Amino acid sequence: MTLNHLSADDDDSSNNLDSSLSVVPITDHLKRKFDDFAPDYDGVDILAKMRKHEIDADHMASSATPSWILSRSGENSDSYRSISSSAECSYDCESSNRSESTRLQLFVRMMSGGKTIVIHADRNDTVEKLHQRIEWKTKIPVIEQRIIYKGKQLQNEQSLSFYSIEQDASLQLVGRMQSTEHPIAWQTIDDIMYTISRMYKSEEDLPSNINEKIDAFFRMIPRENDEVNGDEVCAMVRHTPWQDYGTLFKTKEKDESIAKYIKIFSSSSVPGALVMLYTSSKEMNKLCAKSSIKLFLNKCIGLPKNQQNYCLPIVLEFTRLLKRFCPDQKLYVTCRNTLASMLETFDNSRGFHGGVLTFGSEIFPFFSELADLMVKELVQYTGPSFSDVEKFASFWHHLKKAIEFHVPCSIPIALPLQNTILETEIVQLHRLFGKLLSTMDVCMCRVEFLLAEKEGGGNSESLSASCSQYLAILKIINSMANLYQGAKEHVAENLNLRKVAFCALVVKFAKRGDDHQWIFEYREATNFEARRHLAMLLFPDVKEEYDEMHEMLIDRSNLLAESFEYIVRASPEALHSGLFMEFKNEEATGPGVLREWFYLVCQELFNQKNTLFLRTADDFRRFSPNPASKVDPMHSDFFEFTGRVIALALMHKVQVGVLFDRVFFLQLAGSRISLEDIKDTDGIMYNSCKQILEMDPVFFDSSAGLGLTFMLETEVLGKRDTIELCPGGKSIAVNSRNRRHYVDLLIERRFATPISEHVKQFSRGFTAMLSESVPPRSFFKRINLEDLDGMLRGGECAISIDDWKAHTEYNGFKETDRQIDWFWKILKKMTEEEQRSILFFWTSNKFVPVEGFRGLSSKLYIYRLYEANDRLPLSHTCFYRICLPKYPTMSLMEQRLRYIAQDHVSSSFGKW
């Protein structure tokens, strides 16, 4: 196909264009060479068609054309103005020294409406200088101009005399349409611009096909079946055989093709044109523009996430223009929200890295605007909404990236700044940080008031309604604090002051799947309930759907072996679905039986007869792995089994009465063991090491010293051995200079190394019960040893009968009945172990949570048993219910209660 040249004197150029394009096949892979012709729709140039006023005289003011329409995405109109001004001054200086005989006055006809401007030049000037003069007068960038004289296009490097241009010659100015391999896409955009031009200029309502054209344009964009980011491409190259590189790099070619399509849209001024149409006084124009802008935004969101990157600058341009000309309109908010949503998946590595500076300064106004909105709503206690905070976080994420990119060596930043990129934004951001922090302090004070009101019988829902986004805002404030010196200390001070409110927010609003790591930067501002809640979020939700439960039928006489088979052989997914437990030849089923099973299995696992664990020498309540257990070939499997059981007990919130030794806990958390950590594990070694470190250096190094070397004597299963703490240790004397190193090695070799494999297997089993992709050790890093004590054993204090009574209700009895009075008096006379046995018979819980009886999942109930008045009590552990006959005497009731308080009986009378 050959495209005809357009003559400068041809008044029917639009017809020529229509006829020449009419033979273009329906394909988008042909290249049309726009250097050979100039498109024209009824005389409207593609680059000038949206101008509200035409420049028709040599001295016309530059303000005749709105700069926001002329500017392109990513361009700076001020830079064009300065360049053009320089060109004008340069020309005036040069022309004053030239002969009048070479001076030319030229009439340059604009394609838009046939208007003409006068340009003064010199015969010896290059065509490029002429272009610069035209740019200064019309604000049309040089790169987008094309000059036609006698049917020929003037080339930039040639002089005017080369083309024999005479005095008062007429030249035709048309838009240079960039060479492209997507002519149909260009034509579609031209049609959009032409339609907008007609609608804006016409006094009548014209039918619009803009939406159809936008829809057609997006259908031309090639879609990718797989989303591949930059890092993935690099990984693919490393792992792809060279024979398959051709297929691999089709991805890159497709990316480049997508970029070209989006560039066609952005370079055509469609965003500015649509916003101009939206600001029109005609309601029809406004509605049409609104519909088209929303359609474009929806089309961008509908693209695969990796393709959305290319649309981001255009959406940014829409948002910037709408903020400038109609910030109070809902369309602007919609556009701003779309921009924030696209930023959430924005991959800065795909071609926009060089634009980080502009990006940072461009999005700061939106971030600041949302910050002011949130402060307003926080003060009024009306919000903010989840959507506003989500968009605020998205803008902040990329603003932070921009700052870190430009001042990486200065973070944390010390104010005031000098000669720093984004200096204005950084200073303003610090003010916003202070404003948000002080506002949140007021809000946290109100939370404390609401909590106090709740304890007094107020409305607990008010906390949820008004404070749901406080934790998310605090997370952003913490991220902002990372940029400035001293800011973290201010945040910590505020949170420590509002510890009660902060912990309440964590327990109420910290959700599974969110990133809560920042909270542990302020560990002092957290309490047991907050840390426990955050740790429990690492477990998946327990599914209680009967059809999906993992069923276990266990023989009490073979409890450990059968439990091992059911738990170790099951997949983590099966165990996450819930557990249905039943003992052979027993009627009882349900949650109460499951709680009993957890307790009994843990009692067996930590029984000294099974040699898996040892009691700590100085605290018999605590356990650590037995180094000698490795003689059993099954020991590693049983430690993995133990890890699973403990994790499942925590997941089901069952107190099993087991405490871990501090050294064991620290290894599970991946922490280094210090001298102070072994104080409660081995007091003798602790005192010996303390003496070594505190001994007078002179005496220690003298001949009267201890005479130690880097050796350790060990004993396993009665066999004594001597090992070196480091290579050549037997010949290295311990002195005052290396004694600290000696103690560190001694502790590691004595406490960590012997049980490292046991810890590994336990951790493996425990981690398998956590949610997928949760890193090992995460659970134990989130809590303290004392927190784990509370979760596994409950409160340290003795059982409070008054608390027990306060959380008990009655059915068939009244609180004033003598049988109820006898019952509580008998419980108070019992030993603590007997009380725990009664509680276990009643609820299958032998230990009370840290919070007391209010920490149980249900109130407790005493039901009247309408049977023989001398029979034994009955319980329904699933419902926390004990059933008592109406005993005629207190002595008979006490006899029956003490009978079931025996361990071998308290596990036998539960129903379900």
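Tell me which residues, restricted to the stretch 294-311, are assigned to a helix (DSSP H, G or I), of a type outside the set (S, T, N, Q) and surrounded by fewer than 22 Cβ atoms within 10 Å (Cβ to Cβ). Those that are assigned to a helix (DSSP H, G or I), of a type outside the set (S, T, N, Q) and surrounded by fewer than 22 Cβ atoms within 10 Å (Cβ to Cβ): Lys294, Leu295, Lys299, Ile301, Gly302, Lys305. Just one of the numbered conditions (1) in contact with a helix residue (DSSP H, G or I) (Cβ under 8 Å, 6 or more places away or on another chain); (2) more than 25 Å from Val774 (Cβ to Cβ); (3) touching a residue at least 60 places away in the same chain (Cβ under 8 Å) is not true of Leu575: (2). Looking at Leu605, Leu600, Leu594, Leu537, just one residue is under 36 Å from the mean Cα position of the chain (by Cα) and not hydroxyl-bearing (Ser, Thr, Tyr), and that residue is Leu537.
When Leu648, Leu666, Leu708 are checked against the criterion of being over 30 Å from Gly592 (Cβ atoms), under 33 Å from the mean Cα position of the chain (by Cα) and not assigned by TED's automatic domain parsing to the domain that holds Phe840, a single residue qualifies: Leu666.
Here Ile140 fits the description: modelled with pLDDT under 85, of a type in the set (A, V, I, L, M) and in the same structural domain as Val108 (by TED's automatic domain parsing). Within the stretch 699-729, the set of residues being free of Cβ contacts under 8 Å to residues at least 24 places away in the same chain and aliphatic (A, V, I, L, M) comprises Ala704, Met711. When the stretch 540-562 is filtered for residues that are within 29 Å of Arg782 (Cα to Cα) and modelled with pLDDT of 95 or more, nothing remains. Taking Gly765 as the residue in question, decide whether it is touching a Phe, Trp or Tyr at 6+ places or on another chain (Cβ under 8 Å), in a helix (DSSP H, G or I) and more than 30 Å from Gln835 (Cβ to Cβ). So Gly765 passes the test. Just so you know, in the stretch 769-789 the residues that are among the hydrophobic types (A, V, I, L, M, F, W, C) and within 20 Å of the chain's Cα centre (by Cα) include one that is farthest from Ala647 (Cα to Cα), and it is Val774.
One residue stands out among those in the stretch 517-528 that are without any contact (Cβ under 8 Å) to a residue 60 or more places away in the chain and surrounded by fewer than 20 Cβ atoms within 10 Å (Cβ to Cβ): the one that is nearest to Phe766 (Cα to Cα), which is Gln517. A count restricted to the stretch 488-502 and to residues that are under 24 Å from the mean Cα position of the chain (by Cα) and either surrounded by 21 or more Cβ atoms within 10 Å (Cβ to Cβ) or free of Cβ contacts under 8 Å to residues at least 24 places away in the same chain (or both) stands at 5. In the set (1) out of contact with any strand residue (DSSP E or B) (no Cβ under 7 Å at 6 or more places or on another chain); (2) not in a helix (DSSP H, G or I), the condition left unmet by Ala649 is number (2). Would you confirm, using the coordinates I've provided, whether Arg881 is modelled with pLDDT of 95 or more and touching a Cys at 6+ places or on another chain (Cβ under 8 Å)? So Arg881 does not fit the description; no.
The set of residues from the stretch 299-328 being under 19 Å from Asp388 (Cα atoms) and without any contact (Cβ under 8 Å) to a residue 40 or more places away in the chain comprises Val315, Pro327, Asp328. Evaluating Glu157 against the criteria (1) modelled with pLDDT under 85; (2) farther than 19 Å from Val275 by Cβ leaves one unmet condition, (1).
Among the residues making up the stretch 676-685, those that are closer than 15 Å to Val743 by Cβ and either of a type in the set (D, E, K, R) or at pLDDT 95 or above (or both) are Glu676, Asp677, Lys679, Asp682. When Ser773 is tested against the conditions (1) at positive phi; (2) in a helix (DSSP H, G or I), the lone failure is (2).
So that you can scan it fast, the table gives a plain yes or no per residue for (1) closer than 16 Å to Val654 by Cα; (2) at pLDDT 90 or above; (3) buried (at least 16 other Cβ atoms within 10 Å of the Cβ); (4) assigned by TED's automatic domain parsing to the domain that holds Tyr686:
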| position | (1), (2), (3), (4) |
| --- | --- |
| Val593 | yes, yes, yes, no |
| Val601 | yes, yes, yes, no |
| Leu612 | no, yes, yes, no |
| Thr616 | no, no, yes, no |
| Phe623 | no, yes, yes, no |
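The single condition among (1) in contact with a Leu (Cβ under 8 Å, 6 or more places away or on another chain); (2) under 20 Å from Gln469 (Cα atoms) that Leu559 does not meet is (2).
When each of Ser857, Ser800, Ser844 is tested for being surrounded by fewer than 16 Cβ atoms within 10 Å (Cβ to Cβ), closer than 21 Å to Leu650 by Cβ and hydroxyl-bearing (Ser, Thr, Tyr), the lone residue that passes is Ser857. Please pick out the residue among Leu451, Leu474, Leu399 that is without any contact (Cβ under 8 Å) to a residue 60 or more places away in the chain and surrounded by fewer than 20 Cβ atoms within 10 Å (Cβ to Cβ). The unique qualifying residue is Leu451.
Taking the options Lys690, Lys630, Lys609, name whichever one is part of a helix (DSSP H, G or I), within 30 Å of Arg569 (Cβ to Cβ) and without any contact (Cβ under 8 Å) to a residue 40 or more places away in the chain. Step by step, each of Lys690, Lys630, Lys609 is checked, and only Lys609 is part of a helix (DSSP H, G or I), within 30 Å of Arg569 (Cβ to Cβ) and without any contact (Cβ under 8 Å) to a residue 40 or more places away in the chain.
For the stretch 550-570, the criterion of a residue being crowded, with 16+ Cβ neighbours inside 10 Å and touching a Gly at 6+ places or on another chain (Cβ under 8 Å) is satisfied by at least one position.
The values are calculated or read from the model by the stated rules, or taken from the named source; none is laboratory data. What you see is a predicted model, and the numbers here were worked out from it, not measured in a lab. Glycine gets a Cβ as well: all are built from the backbone with ideal geometry, and neighbour counts include every protein chain shown.
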